[in-house]
Amino acid sequence: MTTINPYIGFNGKCLEALTVYHHCFGCAYLDFMAYEDTPMGEQCAPETKQHIVHSTLTRGPLVLMATDMTAPGGYNQGNAMAISVNCISEEEIHSFFDKFSEGGKIIDPLGVKFWGGIFGVIDDKYGVRWMFNFTKDEQN
């Protein structure tokens, strides 16, 4: 099943915020990865090595994702939210990415990323940020 989830940017406060949300929702699962644990780790400034590249908070059907990464233009309150679409096939991700990018701006081209998934980011023609992901191992 294709799913759509909120994806929030926290500009250095991701782990703190998700820990609070974990408690508020009573979630059983909080997963996160710091910059230092990725191929980007050696390129990061020492003060950002502990920042979160990606985190997922789940409780049943509730899935909230978050990061400390900022948009290419930097962090501004209000541009720290994206809609993440977890696709069910390569065909679906390519179809969605192509259709949503019409008249929009590609932020991160669709391609295989270091975690093995196909991923890409666009701002559609209305200024909404969309993140598309397909990971073969997570097929439903």
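Any idea which residue in segment 98-140 is most open to solvent (accessible area, probe 1.4 Å), counting only those that are assigned to a strand (DSSP E or B) and basic (Lys, Arg)? It comes out as Lys105. Looking across segment 7-52, the residues that are closer than 18 Å to Gly74 by Cα and in contact with a Cys (Cβ under 9 Å, 6 or more places away or on another chain) come down to Ile8, Tyr35, His51, Ile52.
Within segment 11-59, being in contact with an Asp or Glu (Cβ under 6 Å, 6 or more places away or on another chain) and either in a strand (DSSP E or B) or modelled with pLDDT under 85 (or both) holds for Ile52, Thr56. Could we say that Met65 is open to solvent by 50 Å² or more (accessible area, probe 1.4 Å) and closer than 17 Å to Asn11 by Cβ here? Considered against the rule, which asks whether it is open to solvent by 50 Å² or more (accessible area, probe 1.4 Å) and closer than 17 Å to Asn11 by Cβ, Met65 comes out as no.
Among the listed residues Ile88, Ile118, Ile122, Ile83, which satisfies the condition of being modelled with pLDDT of 95 or more and of a type in the set (A, V, I, L, M, F, W, C)? Break it down stepwise before answering.
Working: Ile88 fails: modelled with pLDDT of 95 or more; Ile122 fails: modelled with pLDDT of 95 or more; Ile83 fails: modelled with pLDDT of 95 or more.
The match here is Ile118.
Just give me the residues in segment 12-49 being of a type in the set (S, T, N, Q) and over 23 Å from Phe132 (Cβ atoms), in sequence order.
Residues of segment 12-49 that are of a type in the set (S, T, N, Q), as a first pass: 19, 38, 43, 48.
Within segment 12-49, Thr19, Gln43, Thr48 meet the criteria.
Residue count for segment 84-94, restricted to those that are more than 22 Å from His54 (Cα to Cα) and either open to solvent by less than 40 Å² (accessible area, probe 1.4 Å) or outside any helix (DSSP H, G or I) (or both): 1.
Any residue in segment 31-59 that is without any contact (Cβ under 8 Å) to a residue 60 or more places away in the chain sitting within a Cβ distance under 8 Å of a residue that is hydrophobic (A, V, I, L, M, F, W, C) and loosely packed, with under 13 Cβ neighbours inside 10 Å? List the pairs, counting only those 6 or more apart or interchain. Filtered contacts from segment 31-59: Thr58/Ala28; Arg59/Ala28.
Conditions (1) closer than 21 Å to Asp137 by Cα; (2) over 17 Å from the mean Cα position of the chain (by Cα); (3) exposed (fewer than 13 other Cβ atoms within 10 Å of the Cβ), marked per residue:
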{"residue": "Gly9", "(1), (2), (3)": "no, no, no"}
{"residue": "Lys13", "(1), (2), (3)": "no, no, no"}
{"residue": "Ala17", "(1), (2), (3)": "no, no, no"}
{"residue": "His22", "(1), (2), (3)": "no, yes, no"}
{"residue": "Ala28", "(1), (2), (3)": "no, yes, yes"}
{"residue": "Ala34", "(1), (2), (3)": "no, no, no"}
{"residue": "Gln43", "(1), (2), (3)": "no, yes, yes"}
{"residue": "Pro46", "(1), (2), (3)": "no, yes, yes"}
{"residue": "Thr56", "(1), (2), (3)": "yes, no, no"}
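The values are calculated or read from the model by the stated rules, or taken from the named source; none is laboratory data. All values reported here derive from a predicted model rather than from experimental measurement. Quick reminder, even Gly has a Cβ in these numbers, built from the backbone with ideal geometry, and neighbours come from all protein chains shown. Protein only, heavy atoms only, side chains kept; ligands, DNA and RNA dropped before computing areas. Shrake-Rupley method; radii C 1.70, N 1.55, O 1.52, S 1.80 Å.
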